[in-house]
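The structure appears right after this line, and notes come after that.
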Amino acid sequence: MASGNGKSRCFTCGKEKRAVRCEGCLQVFCYDHLTDHRQELNKQLDHIEHTRDLFRQTLNEQMNHPQIHLLVKQIDQWEEDSIKTVQQTASECRQLLVQHTTKNVHNIEVNLAKLSDHLKRIRSENDFNEVDLSQFNQKLKQLAEKLDKLCNVSIQQDPTPLIHRISVVVSSSMSNSFAKIEESKGKIVSLKSPPSSMKWDQNGFTVAGGYGEGNQTNQLYWPYGIYVDEEDQTVYIADYGNDRIVKWKYGAHHGQIVAGGNGKGNRKDQLNLPTDVVLDKKNDSFIICDYGNRRVVRWPRRSSKSQQTIIYNVACSHLTIDNTGDIYVSDCEKNEVRRWTKGDNTGTVVAGGNGRGDGPNQLNSPGYIFVDEDNSVFVSDSNNNRVMKWIKGAKEGVVVAGGQGEGNALTQLSNPQGVLVDQSGTIYVADSWNHRIMRWPAGATKGTVVVGGNGQGQQGHQFSCPLGLAFDGQNNLFVGDWGNNRVQKFDVHVE
């Protein structure tokens, strides 16, 4: 404080008194109120120290925040899974190389032994001519060619990454101080519903199948419906041509059969051309569209027994369940969608049911279904090249995507299949015969291409008749690439 000369007006009481000036606020205080001013400053300093102590406590708590331990656990799991993947792939390659070499060397040795016996015999009998010698030379040449082929083995690197790198990314725009690690590329996504501005990487990578058409554990044969279980980091697939449901853990190179897989048939332990699967977590079971057997079955997730048919005699194309456990099934023969509650023997028509046609109250070969929180039913009306929305209790539906005839314009669809709807009402549809995934905002008369649309093909940015669609909790997009016998994952693109 600096002393003033003479009397000054006190800032607090306004009286002319001997006073001093505060060097901080530059106000003048009499001796009585100078003490009050200093006490106020002390209170403010106490508050700052208290705030400092609270911040230190928060800092110490954050160092032991459970989220940190969770992320470390995820990193440890990624490390363990990556090591297993590398070891398993290396073991398979070694085994294949040894089997290839052993089998072909054995065949060459057998043929060489036969040739040697023949040579020994004709020499002992002295019974040969130029024709015989020519044949022997030809056989030796053939064996040499087989030996050359045997040695013509190399190691080829798959362009699809064996292990997807993770990284810790901290975003300044996030209110939470801790980033969430997304296992494929370490990207941060906190949105529950993809906004219309969200984009995805245009090159997908294979998370299931991709090794050609077949029935081995690393193959698929015409995958139809898919279901993503974010909690278990697993994709479930209706493997139509193999009469089975398989699950693929994220990063795995082989799937595991969880239903069917016992040959085509109608026994309880068999499936016949399954087209869709959903996981009923409340009852810990799969609900399966067993199309070839004209039935919907419930298959316990953790048991190979106790399967039961819950809907009979239905040309079940696809299905879904709502948050109350009701099951919705599209019937491609009756051109309708029915809702089935527990114990219901007939079901209730919630879309279509007025014969085959293109009227607002009709459907033509309905396929994939999505039910929103208001119990509105969205159905891909495939032969009408449109997606329809039926509000709960409505007698007619409205076109929410396509409906402008078959074509590849942004206003058109061609054999639409998988359909998803986010919380804003934006529709995502697998535009199957246009080999693309489209997005239609609520009320829009045309859509935009999300991924694909680069012609039919098997590159990372192409499809061959995509069918099933699913999002995970980070809004990464999964696509059942039917003609390529694989499931592709497209990471959310964070700029």
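Quick one: in the stretch 387-407, of everything that is open to solvent by 20 Å² or more (accessible area, probe 1.4 Å) and in contact with an Asp or Glu (Cβ under 8 Å, 6 or more places away or on another chain), which residue is farthest from Val349 (Cα to Cα)? Give the steps one after another, and end with the answer.
To start, the set of residues in the stretch 387-407 that are open to solvent by 20 Å² or more (accessible area, probe 1.4 Å) comprises 389, 391-396, 398-400, 403-406.
If we keep only those that are in contact with an Asp or Glu (Cβ under 8 Å, 6 or more places away or on another chain) too, we end up with 391-392.
On the way: Ile391: 12, Lys392: 11 Å.
Ranking the qualifying residues of the stretch 387-407, first place goes to Ile391.
All conditions in (1) open to solvent by less than 10 Å² (accessible area, probe 1.4 Å); (2) within 30 Å of Ile311 (Cα to Cα) hold for Ile437, with the sole exception of (2). Scanning the stretch 1-14 for residues that are more than 16 Å from Gln39 (Cβ to Cβ) and modelled with pLDDT under 85, we see that the one that is surrounded by the most Cβ atoms within 10 Å (Cβ to Cβ) is Ser8.
Criterion first (open to solvent by 10 Å² or more (accessible area, probe 1.4 Å) and of a type in the set (S, T, N, Q)) does Gln459 satisfy it? Spelling it out, Gln459 is indeed open to solvent by 10 Å² or more (accessible area, probe 1.4 Å) and of a type in the set (S, T, N, Q).
Take the conditions (1) open to solvent by less than 10 Å² (accessible area, probe 1.4 Å); (2) among the β-branched types (Val, Ile, Thr); (3) within 26 Å of Val314 (Cβ to Cβ); Thr426 misses just one of them, which is (3). Scanning the stretch 300-325 for residues that are touching a Ser or Thr at 6+ places or on another chain (Cβ under 6 Å) and either more than 17 Å from Tyr368 (Cβ to Cβ) or not assigned by the TED database to the domain that holds Ile288 (or both) yields Pro300, Arg301.
Among the conditions (1) part of a strand (DSSP E or B); (2) more than 23 Å from Phe471 (Cα to Cα), Glu396 misses just one, which is (1).
Exactly one of (1) open to solvent by less than 70 Å² (accessible area, probe 1.4 Å); (2) within 23 Å of the chain's Cα centre (by Cα); (3) modelled with pLDDT under 70 is unmet by Ser171. Its number? Condition not satisfied by Ser171: (2). None of Asp331, Asp374 is assigned by the TED database to the domain that holds Ile288 and closer than 18 Å to Gly425 by Cα except Asp374. Within the stretch 264-275, the presence of a residue that is open to solvent by 10 Å² or more (accessible area, probe 1.4 Å), among the acidic types (Asp, Glu) and either at positive phi or not assigned by the TED database to the domain that holds Trp340 (or both) is excluded.
Against the test of being assigned by the TED database to the domain that holds Tyr291, of a type in the set (Asp, Glu) and either open to solvent by 20 Å² or more (accessible area, probe 1.4 Å) or modelled with pLDDT under 95 (or both), the options Asp239, Asp229 yield a single qualifying residue, Asp229. Check the stretch 245-252 and report whether any residue there is closer than 23 Å to Asn293 by Cβ, hydroxyl-bearing (Ser, Thr, Tyr) and assigned by the TED database to the domain that holds Ile369. Taking every residue of the stretch 245-252 in turn, none turns out to be closer than 23 Å to Asn293 by Cβ, hydroxyl-bearing (Ser, Thr, Tyr) and assigned by the TED database to the domain that holds Ile369.
For Asn323, the conditions (1) under 25 Å from the mean Cα position of the chain (by Cα); (2) surrounded by 15 or more Cβ atoms within 10 Å (Cβ to Cβ); (3) modelled with pLDDT under 95 all hold with the exception of (2).
May I ask you to list the residues in the stretch 393-403 that are of a type outside the set (A, V, I, L, M) and without any contact (Cβ under 8 Å) to a residue 12 or more places away in the chain? Write out each step before concluding.
Taking the stretch 393-403 first, the residues of a type outside the set (A, V, I, L, M) are 393, 395-397, 402-403.
Within the stretch 393-403, just Gly393 meets the criteria.
For the stretch 373-393, the count of residues that are part of a strand (DSSP E or B) and of a type in the set (S, T, N, Q) is at least one.
Answer yes or no: is there a residue in the stretch 352-362 that is of a type outside the set (Phe, Trp, Tyr) and under 24 Å from Asn454 (Cα atoms). No: the stretch 352-362 contains no residue that is of a type outside the set (Phe, Trp, Tyr) and under 24 Å from Asn454 (Cα atoms).
Report whether or not Phe178 is under 50 Å from the mean Cα position of the chain (by Cα) and either modelled with pLDDT of 70 or more or not assigned by the TED database to the domain that holds Gln458 (or both). Don't jump to the end; show me each part of the working.
Values: under 50 Å from the mean Cα position of the chain (by Cα): yes; either modelled with pLDDT of 70 or more or not assigned by the TED database to the domain that holds Gln458 (or both): yes.
Criteria met by Phe178.
If the condition is being open to solvent by 40 Å² or more (accessible area, probe 1.4 Å) and part of a strand (DSSP E or B), then the stretch 353-372 contributes Arg356, Phe370. Would a scan of the stretch 405-425 turn up a residue that is touching a Lys or Arg at 6+ places or on another chain (Cβ under 8 Å) and at pLDDT below 95? Checked the stretch 405-425: at least one residue is touching a Lys or Arg at 6+ places or on another chain (Cβ under 8 Å) and at pLDDT below 95. Identify the residue in the stretch 411-420 that is open to solvent by 20 Å² or more (accessible area, probe 1.4 Å) and assigned to a strand (DSSP E or B) and, among all such residues, is farthest from Tyr224 (Cα to Cα). For the stretch 411-420, the residue satisfying everything is Leu420.
Report, by residue number, each residue of the stretch 300-320 that is out of contact with any Lys or Arg (no Cβ under 7 Å at 6 or more places or on another chain), open to solvent by 10 Å² or more (accessible area, probe 1.4 Å) and either closer than 14 Å to Lys268 by Cβ or assigned to a strand (DSSP E or B) (or both). Across the stretch 300-320, the qualifying residues are Pro300, Ser303, Ser304, Lys305, Ser306, Ser317, Thr320.
The values are calculated or read from the model by the stated rules, or taken from the named source; none is laboratory data. No experiment lies behind these values; they were computed from the predicted model shown. Cβ sites come from the backbone with ideal geometry, for glycine too, and all protein chains shown count toward neighbours. Ligands, DNA and RNA are excluded from the accessible area calculation, which covers all protein heavy atoms including side chains. Shrake-Rupley method; radii C 1.70, N 1.55, O 1.52, S 1.80 Å.
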